[in-house]
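Q: Sharing a structure, written as structure tokens. Questions coming.
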Amino acid sequence: MRTPSELLELEGLARTAGAHVERRLLCEVGVGAERFPVHAFLFGSTSLDAPAVGFFGGVHGLERIGAEVVIAHLRSVVMRLRWDETLHRQLETMRLLFVPLVNPGGLALGTRANPNGVDLMRNSPVEALERVPYLVGGQRISSSLPWFRGAPGAAMESESTALCRIVQDELLSRPFSIAIDCHSGFGLHDRVWFPFAHTARPIEHLPEIHALCETMDETLLHHRYLIEPQSHQYLAHGDLWDHLYLGAPPGSVFLPLTLEMGSWLWVRKNPRQLFSRHGLFNPVIEHRQQRVLRRHLNWLDFITRAAASQARWRPIGTERQHRRELAMARWYRGGRR
Ligand SMILES: [Zn+2]
């Protein structure tokens, strides 16, 4: 089993970042005779008042481009720390977390699931409140079928536990945080999902999501992201972000977002990719991959700034109720954009 090149790249970035970064080993995953680490990379303020943003990739091993987008953003931060005074200032007042490879075993094996055959994004204890689609919604029948949640009554997988613990320690411990989990999905659009996945019911922090979207529409001109609750696409059991959102301390604002990069954008331009599993989920031609990375780096930087400046756009008081009505009209009362 060869060590995935992404792990080697992360080693190099940690060396380059030196004292600017804290690297924390969250767990190790066995694949055959090999053991691969799941690392977190932490930057910036350790104050528990500071807003925080976390970037996550590689939850589904097969979707390499998700990990690559997070690694590219990490690389950009590490390189900018060498010269960019504004970034140093930003990090004095905010916390930055990266977990670029949540499922290194799946990455090494080229599978969506982890080496135990468990789909980490179906692995939390959250049960859907409404009917979920067969298999896709998560199943406990067998690890040889996709979307396996784990055996009935089994503890969460070590990768899921590690992810939950670092989110609790570094994001949920703070009054304001955003999580970005990067995936590659089907379809023609880049989608940004917010919770819930286990029910069509809206979340408490709909006003904050709406304000963030509006700030994005006004700032990232002509962006192509389609922002919607995950429940508009399908409902599922075991979503880790639903689990973490439901466990966030009262009074805190935690906005977990999932980026689903539209893989048909690249398959359409190179239909031969339909015949390879890797090609279905990842842009194969190098210039196309570069274009994908470039497009999303802008967005990840926007989210970082938005988290740092949350006090300037986050609705409070009566503005929240107004925002909630706008958001209900946009996403829940027939309006789907
Ligand atoms: Zn995925």
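The values are calculated or read from the model by the stated rules, or taken from the named source; none is laboratory data. Computed from a predicted model, the values in this text were never measured in an experiment. All Cβ positions, glycine included, derive from the backbone under ideal geometry; neighbour counts span all protein chains shown. Keep in mind that these areas ignore ligands, DNA and RNA; they rest on the heavy atoms of the full protein, side chains included. Shrake-Rupley method; radii C 1.70, N 1.55, O 1.52, S 1.80 Å.
Q: For the subset of the stretch 165-194 comprising residues that are open to solvent by 10 Å² or more (accessible area, probe 1.4 Å) and within 16 Å of the ligand (Cβ to nearest atom), which member is nearest to L42 (Cα to Cα)?
A: W193
Q: Can we say A33 is buried (at least 19 other Cβ atoms within 10 Å of the Cβ), more than 20 Å from C182 (Cα to Cα) and away from the ligand (no atom under 16 Å from the Cβ)?
A: For A33, the condition - buried (at least 19 other Cβ atoms within 10 Å of the Cβ), more than 20 Å from C182 (Cα to Cα) and away from the ligand (no atom under 16 Å from the Cβ) - is not met.
Q: Return yes or no: is G66 out of contact with any helix residue (DSSP H, G or I) (no Cβ under 8 Å at 6 or more places or on another chain), touching a residue at least 24 places away in the same chain (Cβ under 8 Å) and open to solvent by less than 10 Å² (accessible area, probe 1.4 Å)?
A: Yes.
Q: Working only within the stretch 147-164, note down all residues that are surrounded by 16 or more Cβ atoms within 10 Å (Cβ to Cβ), assigned to a loop (DSSP other than H, G, I, E, B) and not hydrophobic (A, V, I, L, M, F, W, C).
A: Within the stretch 147-164, R149, G150, E157 meet the criteria.
Q: So which of P146, P100 ends up being in contact with a helix residue (DSSP H, G or I) (Cβ under 8 Å, 6 or more places away or on another chain) and in contact (Cβ under 8 Å) with a residue 24 or more places away in the chain?
A: P100 is the lone residue from the list that is in contact with a helix residue (DSSP H, G or I) (Cβ under 8 Å, 6 or more places away or on another chain) and in contact (Cβ under 8 Å) with a residue 24 or more places away in the chain.
Q: Could you run through the stretch 83-130 and say how many residues are in a loop (DSSP other than H, G, I, E, B), more than 16 Å from the ligand (Cβ to nearest atom) and either open to solvent by 10 Å² or more (accessible area, probe 1.4 Å) or basic (K, R) (or both)?
A: 11
Q: Under the condition of being among the basic types (K, R) and closer than 18 Å to F196 by Cα, which residue from the stretch 131-161 is farthest from the ligand (Cβ to nearest atom)?
A: Kept after step one, since they are among the basic types (K, R), are these residues of the stretch 131-161: 131, 140, 149.
Now drop any that are not closer than 18 Å to F196 by Cα, which leaves 131, 149.
On the way: R131: 22, R149: 15 Å.
Among those residues, the one meeting the criterion is R131.
Q: In addition: Assess whether F55 counts as being farther than 20 Å from H198 by Cα, among the hydrophobic types (A, V, I, L, M, F, W, C), more than 16 Å from the ligand (Cβ to nearest atom) and crowded, with 23+ Cβ neighbours inside 10 Å.
A: Here the answer is no, as F55 does not meet what is asked.
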